[in-house]
1. Residue check, B:Asn236 against (1) free of Cβ contacts under 8 Å to residues at least 12 places away in the same chain; (2) crowded, with 23+ Cβ neighbours inside 10 Å; (3) polar (S, T, N, Q), all met but one. Which one?
2. Would you check if there is a residue in the range B:502-517 being more than 22 Å from B:Leu284 (Cα to Cα), among the charged types (D, E, K, R) and surrounded by fewer than 21 Cβ atoms within 10 Å (Cβ to Cβ)?
3. Is it the case that some residue within the range A:58-65 is within 16 Å of the chain's Cα centre (by Cα) and either more than 17 Å from A:Asp138 (Cβ to Cβ) or basic (Lys, Arg) (or both)?
4. With the checklist (1) closer than 30 Å to B:Asn48 by Cα; (2) not in a strand (DSSP E or B) in hand, flag the one item B:Tyr168 doesn't pass.
5. So, of the residues in the range B:371-391 that are under 19 Å from B:Pro421 (Cα atoms) and surrounded by 12 or more Cβ atoms within 10 Å (Cβ to Cβ), which turns out to be farthest from the other protein chains (Cβ to nearest Cβ)?
6. Considering every residue within the range A:128-135, establish whether at least one is over 25 Å from B:Pro539 (Cβ atoms) and surrounded by fewer than 21 Cβ atoms within 10 Å (Cβ to Cβ).
7. Name the residues in the range A:94-123 that are at the interface with chain B (Cβ under 10 Å from one of its Cβ atoms), out of contact with any Gly (no Cβ under 8 Å at 6 or more places or on another chain) and either surrounded by 22 or more Cβ atoms within 10 Å (Cβ to Cβ) or among the aromatic types (Phe, Trp, Tyr) (or both), would you?
8. Restrict the check to the range B:418-440 and report whether at least one residue is assigned by TED's automatic domain parsing to the domain that holds B:Gln356 and on the phi > 0 side of the Ramachandran plot.
Amino acid sequence: MRRNPWATLLTTASLWLSGSGFLAAQAPPPYSRTLETYTVPEVVLVNQDGAKVKLKTLLDSGEPVILDFIFGTCTTICPVLSAGYANLQTKLAATPSKVHLVSVSIDPENDTPKVMRDYLKRYRAKPGWDFLTGRREDIDKVMNAFNAYIPNKMSHYPLTLIRDPKTGKWIRIYGMMSSSEFVAECRKAGIL
Amino acid sequence: MSGWRAVPLLSRALAGALGLLLLAAPAVAAPPGKPKPAGTVAGLPVDNALALGERMYRLGLLPSGEPMSSVVNGDVPVAGTAFSCSSCHLRAGLGSWEGGIVTLPTNGARLAIPRYWKFPNLSPEERRELKLQNPAARPAYTDETLAHLLRTGRDPSGYDMHSVMPRYDLSDPDMALLINYLRNLSVRPSPGVVGDTLRFATVIAPGVSEEDQQAMLVPLNNYVARHNQFSAGFGNRMYLGVGGNEMSGAYRKLALSVWRLSGPPETWPAQLDAFLAKEPAFALLGGIAPGEWKPIHDFCERAKLPCLFPITDLPAVSDTDWYTQYFSKGYYQEGQAAARYLHGLDDPNPTRKVLQLVQDSPEGKALAQGFRETWAELGRAAVPETLLPEGKPLALAALEELLAREKPSTVLLWTGSSAFPALAALTQGATGAFLSARLLGGQLTNLPEPVRSQVWITYPYREPKLEAKYSLYADTLLGGLKQRNPETRISTRTYALVQILRQALMDMDRHFYRDNLLDRIGMQRDQILPDYLRLSFGPGQRYASKGCFIMQVGPGPSPSLLRKSEWVIH
């Protein structure tokens, strides 16, 4: 998916506005939603328990999967995305649905299995939420495969990817979702 | 596909952005705030109230010990233990910007004054002097409007904060404690800000050679001198407007004192206390000690004094300490890399038998500790360790006997080059050995050729063949030094310190709080500088280089180093 040049301009402008605090004072922004096809790269990552994980096997298993990109010391987006994951897990606990939540680190230098374990503990993550790290080259491959590449972690943006288990397509959500919106998107994807 | 509702506001946004770009400097010193007078807060003594407020701000815990409760994005509940105020507003409260989201300052000085869209950091006095007429975006917060903001996300001008800001469910007494803390957070500049000067110091411990001292002091002093020349241009027309005032108002001259320690390390804390009392410093820059940095590290924790990138390979290793920012974990990190590399080779059937032979020195012990703790963290069983008396080389017969008896797959030889003759024992079997590049120093390439294929080297720097083009930059600060010593890497590390400090001073702007200096470094982008493959940062991240290569020594009398691994980080 090509990014809208106006969106890029506005994002850049927002960075310039650090002194004014302009964006922080806006109303909650709407998110955008597109349907995408991605090819998961053949990389081996490491999860919070130190176990090696073949990403393609994990994501293409046919099970419902949701993916995001975060890092352990992020100051803004990641905590809120992770709060969304934690809340979704709580809601899913009351349903028969088994959705696998996957967070891929964009700060692999710092996000060791121990850091990732501690992070998941803070969010009271239950089994079914994996935090993956790996070699920087492999992380770059994953970001590129999902059209999410950023050269530096401080430039990242909120992205949630929901895999439709029937079609194998990915619902790409750019922006923040409320809990009810997240559940609604999961339902649309047929994983709830 | 822009997620942000910025289009209707574009013209104002771009105007602000252009203004900031032209200024090339973001903020302005905040005037003194209005901390609460002595007395009680929510019925508690002031000190107690501040401590409880700090716990709410930093850890997200209520006075009861329960997590603070809030909602983000409209209906997503969040416990304070997941993330707290300081996760986004940072420890000093000056906020952050990341991923297109700006987190506004929430420190006492800024809450106590109105906020403006244009030149938001100018003080009320400066605005009056400059005759700025533009209306405030919001008035100064009262306790009531601040409580309303924290509960609803709406500021006193009716503006709704971004949905990522938690809306807190707090009782009135708990709210009073949090507001009291915010009112007292980063209100007055930290010690070391004296008039138009920011005072720094650097520590030199006894036993450091004159050459090594100069390798650090010359580039540091050259940087300070160049920085101080900059203000000569402030009379130019471009600095006379509002933007120029904002920029020049954020500028401070720098001063650097040298604190020379003497005697044994246990006497250093008292000496450091005396230095700090005599010439209060905003932060320590670099510093150099031949042994462990811990006495100075502990002093900085106690004095709440930042120490930026000391020249040491024996740092204090801690997940929680705050005030010292290191280049790496030093020797510890090499031991850590050996553990990670070996575990990566073994997985999923770990049967490798490993021995650690450890020189009885701070360096040897740090290497062994890094391996031991990481090996355990990876779920591996503890390995036998033998301490080798310092100054007594490992004997060939002793190593032969050990290898014959224990039959290890791998032996970690955390000793210097004095062990080279004993390495001949390796040729009688298939045991592999690990040695430390730092411990071997300049003797690394003298590794006996017959054992080179059985010896792996932990190498914490960029590959030598790629390093020259990065280290050359360090020469720009070497005026006064004949040449750089590539083996000690002191002047290159000092150059890296200067680059990071220069960026941090710009980002800190005129918010001269010690914690803010560390916060700004934490928000820096990854840096590609001499010596280390990559320096990366983040709030609370205190070891900027986090990996290590595994190398072997190539053949011949002038061997190259052969890289045998990726940058080992896991």
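The values are calculated or read from the model by the stated rules, or taken from the named source; none is laboratory data. Just so it is clear, the model here is predicted, and its values are computed rather than measured. Neighbour counts run over all protein chains shown; Cβ positions are idealised from the backbone, glycine included.
1. (2)
2. No: zero hits.
3. Within the range A:58-65, one or more residues are within 16 Å of the chain's Cα centre (by Cα) and either more than 17 Å from A:Asp138 (Cβ to Cβ) or basic (Lys, Arg) (or both).
4. All conditions pass for B:Tyr168, except number (2).
5. B:Glu390
6. Yes: the range A:128-135 contains one or more residues that are over 25 Å from B:Pro539 (Cβ atoms) and surrounded by fewer than 21 Cβ atoms within 10 Å (Cβ to Cβ).
7. If the condition is that a residue be at the interface with chain B (Cβ under 10 Å from one of its Cβ atoms), out of contact with any Gly (no Cβ under 8 Å at 6 or more places or on another chain) and either surrounded by 22 or more Cβ atoms within 10 Å (Cβ to Cβ) or among the aromatic types (Phe, Trp, Tyr) (or both), then A:Thr112, A:Tyr123 are the ones that fit.
8. Checked against the condition, which is being assigned by TED's automatic domain parsing to the domain that holds B:Gln356 and on the phi > 0 side of the Ramachandran plot, the range B:418-440 yields no hits at all.
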